[in-house]
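Trainee: The structure that follows is given in the form of structure tokens.
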Ligand code: 13P
Ligand code: SF4
């Protein structure tokens, strides 16, 4: 089958089987083309919850599919490639979180959405990179235990100096690959380009950026900007999508190392096989886990 034939078959099957396909912006162009909705992790959570279909396929990583299941427990939710996890989401255990909570009993626990559903059962508030500053800013608590990403946590803390933060020593292994030296080198090579970065980058990178935001925020900023050149400090699929959307502008990767192997695992064949009942994984969660994790996830959605 050609790519076009495979895409046509996927589109036919998703209608026949009443499946809404959600694709994170880090997915390949050929996958975005068969999706009903694309976006960042916040947007996809809302779209998953609001979809009228009985079935949802999350083309992204496991925590995104889990969040979707918690928000839509009566829908069947599928992850097309079961090996697609997020190393950041899986780097902290529930036991570790309980220990940290014991050490900081008077702190409210805020988790980045990039956490397992089990961790979310222990948290007060869930945030995404696009909503973290707004949501933590609205919380009545002044003491925040932020897990697992200290980079996003520091970005939020800088914007909310009135609050006190404790961080877990985790983070994204992909965004960790870029540092100040890399930024200075990229700016030297492209002196007229604006630097747009994800808040999962180290603070030394964030501090040198012209814009800091979630994947959708970075894309919107570049599309609307009058500038003609941009250095992109997030997964390199965004460089490709922006170049596709804005052929008259130039986009440069901050580093060739900004490549998330997990996000790139998902293929059109995984989607086709899942729709045909020959692959993928249906996300099944305990009723109790859904109930407990929905507290912080619903707080995030209700905003
Ligand atoms: P967004 O919230 O920007 O979608 O980020 C998710 C992610 O995993 C970034 O690495
Ligand atoms: Fe997880 Fe980082 Fe990949 Fe995002 S880019 S899915 S945070 S490993």
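The values are calculated or read from the model by the stated rules, or taken from the named source; none is laboratory data. Computed from a predicted structure; not experimentally measured. FYI the Cβ positions are ideal-geometry reconstructions off the backbone, even for glycines, and counts take in every protein chain you see.
Trainee: For region 210-220, which residues satisfy the criterion of being more than 14 Å from ligand 2 (Cβ to nearest atom), closer than 23 Å to residue 33 by Cβ and free of Cβ contacts under 8 Å to residues at least 60 places away in the same chain? Let's see the steps before the verdict.
Mentor: To start, the set of residues in region 210-220 that are more than 14 Å from ligand 2 (Cβ to nearest atom) comprises 210-213, 217, 219-220.
Checking the rest, the ones that are also closer than 23 Å to residue 33 by Cβ come to 217, 219-220.
Residue satisfying the conditions is 220 alone.
Trainee: While we're here: Looking at region 42-100, which of its residues are surrounded by fewer than 18 Cβ atoms within 10 Å (Cβ to Cβ), more than 16 Å from ligand 2 (Cβ to nearest atom) and within 17 Å of the chain's Cα centre (by Cα)?
Mentor: Of everything in region 42-100, those that are surrounded by fewer than 18 Cβ atoms within 10 Å (Cβ to Cβ), more than 16 Å from ligand 2 (Cβ to nearest atom) and within 17 Å of the chain's Cα centre (by Cα) turn out to be 46, 49.
Trainee: Hey, can you tell me all the residues within region 73-103 that are in a loop (DSSP other than H, G, I, E, B) and either more than 21 Å from residue 270 (Cβ to Cβ) or at pLDDT below 95 (or both)?
Mentor: Of everything in region 73-103, those that are in a loop (DSSP other than H, G, I, E, B) and either more than 21 Å from residue 270 (Cβ to Cβ) or at pLDDT below 95 (or both) turn out to be 73, 74, 88, 91, 92, 93.
Trainee: Related question: When region 78-107 is examined, which residues are found to be out of contact with any strand residue (DSSP E or B) (no Cβ under 9 Å at 6 or more places or on another chain), within 16 Å of ligand 1 (Cβ to nearest atom) and more than 30 Å from residue 276 (Cβ to Cβ)?
Mentor: 91
Trainee: (1) without any contact (Cβ under 8 Å) to a residue 60 or more places away in the chain; (2) in contact with a strand residue (DSSP E or B) (Cβ under 9 Å, 6 or more places away or on another chain); (3) more than 14 Å from residue 272 (Cα to Cα); (4) more than 12 Å from ligand 1 (Cβ to nearest atom): which one isn't true of residue 69, the others all being true?
Mentor: It fails just one condition, (1).
Trainee: Next question. So which helices (runs of 4 or more DSSP H) are wholly in region 107-199 and hold at least 1 residues that are surrounded by fewer than 18 Cβ atoms within 10 Å (Cβ to Cβ) and out of contact with any helix residue (DSSP H, G or I) (no Cβ under 9 Å at 6 or more places or on another chain)? Give the steps one after another, and end with the answer.
Mentor: Working: elements: 117-120, 132-138, 150-159, 180-189.
Of the helices (runs of 4 or more DSSP H) lying wholly inside region 107-199, those with at least 1 residues that are surrounded by fewer than 18 Cβ atoms within 10 Å (Cβ to Cβ) and out of contact with any helix residue (DSSP H, G or I) (no Cβ under 9 Å at 6 or more places or on another chain) span 132-138, 180-189.
Trainee: Right, another one. Do you know which residues across region 49-64 are touching a strand residue (DSSP E or B) at 6+ places or on another chain (Cβ under 7 Å) and within 13 Å of ligand 1 (Cβ to nearest atom)?
Mentor: 58, 59, 60, 62, 64
Yes/no per residue for (1) over 21 Å from residue 177 (Cα atoms); (2) in contact (Cβ under 8 Å) with a residue 40 or more places away in the chain; (3) surrounded by 19 or more Cβ atoms within 10 Å (Cβ to Cβ); (4) out of contact with any strand residue (DSSP E or B) (no Cβ under 6 Å at 6 or more places or on another chain):
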| site | (1), (2), (3), (4) |
| --- | --- |
| 224 | yes, no, no, yes |
| 234 | no, yes, yes, yes |
| 237 | no, yes, yes, yes |
| 240 | no, yes, no, yes |
| 245 | yes, no, no, yes |
| 248 | yes, no, no, yes |
| 252 | no, yes, no, no |
| 257 | no, yes, no, yes |
| 263 | no, yes, yes, yes |
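Trainee: Would you say residue 36 is under 25 Å from residue 219 (Cα atoms), free of Cβ contacts under 8 Å to residues at least 24 places away in the same chain and in contact with a strand residue (DSSP E or B) (Cβ under 9 Å, 6 or more places away or on another chain)?
Mentor: Working: under 25 Å from residue 219 (Cα atoms): yes; free of Cβ contacts under 8 Å to residues at least 24 places away in the same chain: yes; in contact with a strand residue (DSSP E or B) (Cβ under 9 Å, 6 or more places away or on another chain): yes.
Spelling it out, residue 36 is indeed under 25 Å from residue 219 (Cα atoms), free of Cβ contacts under 8 Å to residues at least 24 places away in the same chain and in contact with a strand residue (DSSP E or B) (Cβ under 9 Å, 6 or more places away or on another chain).
Trainee: Within region 173-185, identify whether any single residue is within 18 Å of residue 249 (Cα to Cα) and modelled with pLDDT of 95 or more, and answer yes or no.
Mentor: Pass one, region 173-185, residues within 18 Å of residue 249 (Cα to Cα): none.
No, region 173-185 contains no residue that is within 18 Å of residue 249 (Cα to Cα) and modelled with pLDDT of 95 or more.
Trainee: Could you tell me whether residue 238 is within 15 Å of ligand 2 (Cβ to nearest atom), closer than 21 Å to residue 158 by Cβ, within 14 Å of the chain's Cα centre (by Cα) and at pLDDT 95 or above?
Mentor: Numbers: within 15 Å of ligand 2 (Cβ to nearest atom): yes; closer than 21 Å to residue 158 by Cβ: no; within 14 Å of the chain's Cα centre (by Cα): yes; at pLDDT 95 or above: yes.
No.
Trainee: Do we have residue 130 as within 12 Å of ligand 1 (Cβ to nearest atom) and over 30 Å from residue 277 (Cα atoms) here?
Mentor: Yes: the conditions hold for residue 130.
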